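Have a look at the structure below before the remarks.
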């Protein structure tokens with residue numbers, strides 16, 4: 001029997017597709033019998049097609065869960081303390097999930113943004129990853145991943161923006177971008 005080695009995977013960069021790639025990985029893992037948890041640090045209450053898909057997959061056998069923990073992207077008029085509290089709560093949920101050993105794959109969606117916006121620190125992420133059980137795969141998504149986080153990862157993919165329909169004035173398309 002092959003020994004399972006948990007990987008730390010980072011999806012970063014200015015291009016589209018970081019969360020989409022992570023969620024595709026979640027569906028692959030679920031299809032192969034793994035137990036998956038997705039914790040969204042920033043996305044808030046926006047509606048995405050993949051949320052419905054994951055909800056339906058979770059109803060089949062409970063092996064995939066998605067928790068939307070963030071307050072959305074912070075705006076100047078927002079109270080930053082609420083965003084920090086939500087990010088800290090999401091971080092605690094991630095730690096609890098790591099320690100539960102209930103999952104094979106945990107996706108920390110937009111956690112790099114939480115660091116970029118000073119809702120969490122690089123030290124917070126390093127401490128969390130230090131608690132990762134050996135067989136647990138962890139994916140961290142979001143733009144501008146810090147070098148220290150990249151250095152800790154086993155696999156890093158940078159999504160590079162080459163061309164986007166928004167540049168031509170085309171708004172986001174349902175089913176394609178959300």
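Where a number appears in this text, it was derived from the coordinates with a stated rule and is not lab data. Treat the numbers as computed from the prediction; the structure is a model and nothing was measured. Glycine gets a Cβ as well: all are built from the backbone with ideal geometry, and neighbour counts include every protein chain shown.
Quick notes on this structure:
- The chain, helix-only ellipticity at 222 nm - DSSP H runs n ≥ 4, -39,500 (n - 2.57), divided by all residues, nearest 500: -12000 deg cm²/dmol
- Label-point gap, in nm, between residue 173 and residue 155 - each point 7 angstrom along Cα→Cβ: 2.8 nm
- Mean separation of Cα contacts under 8 Å (6+ apart) over length of the chain, as relative contact order %: 38 percent
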